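First comes the structure, then the notes that go with it.
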Amino acid sequence: MAFVLRIKFPPTYPLIYKTLRVDSELTVAEAITFIGETLHVPAEDNIGLFLPQEKQWLDAETPLKEYPVLEDVEEIEFKDRNAPDPEPEPKGNDNDNDDDSTICCTVM
C-alpha cells in the first residue's frame, strides 16, 4: 500500500509543495531518503517529517503504515528538526497601537 502525501518544504528549498506517492512499508527515515532522491532535494540527517495539524514529529525508525493519520492528513512537512518555529503572522489591523512605525501608508 502507498500513501499519497502532500509534502510542504522549508522556505529555503526550490519547492513549496509536492504531492508524492510513498510506500507505506518504508520507515520514516527511508521515506525521507526516498523523497530527497525522487525530488532532488537535500535530505540531511536533521530532516524529519512533521504533522502540523497534530504538532507531532514522526519517529525515524517507525514504518509509515504505523501512522494511520497519514491516510487523511492534509499535508506533511519535510523540515529541519532544529529549525526554529516560524513567527506567527500578525492578525488584522491593530488600531490601538500608538507606534507609528507599523503604519505603512497615509490616506489623504
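The values are calculated or read from the model by the stated rules, or taken from the named source; none is laboratory data. None of the values given here were measured: they were computed from a predicted structure. A quick note on method: Cβ atoms are made from the backbone with ideal geometry, for glycine too, and the neighbour counts reach across all protein chains shown. Accessible surface areas use protein heavy atoms only, side chains included; no ligands, DNA or RNA. Shrake-Rupley method; radii C 1.70, N 1.55, O 1.52, S 1.80 Å.
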Problem set entry | Size of electric dipole in the range 2-80: Cβ of Lys, Arg +1 and of Asp, Glu -1, about Cα centre, debye, nearest 20 | 340 debye
Problem set entry | DSSP-defined antiparallel bridges as percent of all bridges, the range 2-80, nearest 5 | 90 percent
Seminar exercise, completed: Accessible-area order for ASP59, ASP80, largest to smallest, probe 1.4 angstrom, reads ASP59, ASP80
Problem set entry | Carbon plus sulfur fraction of accessible area for the range 2-80, probe 1.4 Å, in percent | 49 percent
Seminar exercise, completed: Restricting to Cα pairs under 8 Å and 6 or more apart, the percent relative contact order of the range 2-80 works out to 39 percent
Exercise. Highest mean first, what order results for 27-38, 63-74 on Cβ atoms within 10 Å?
Worked result: 27-38, 63-74
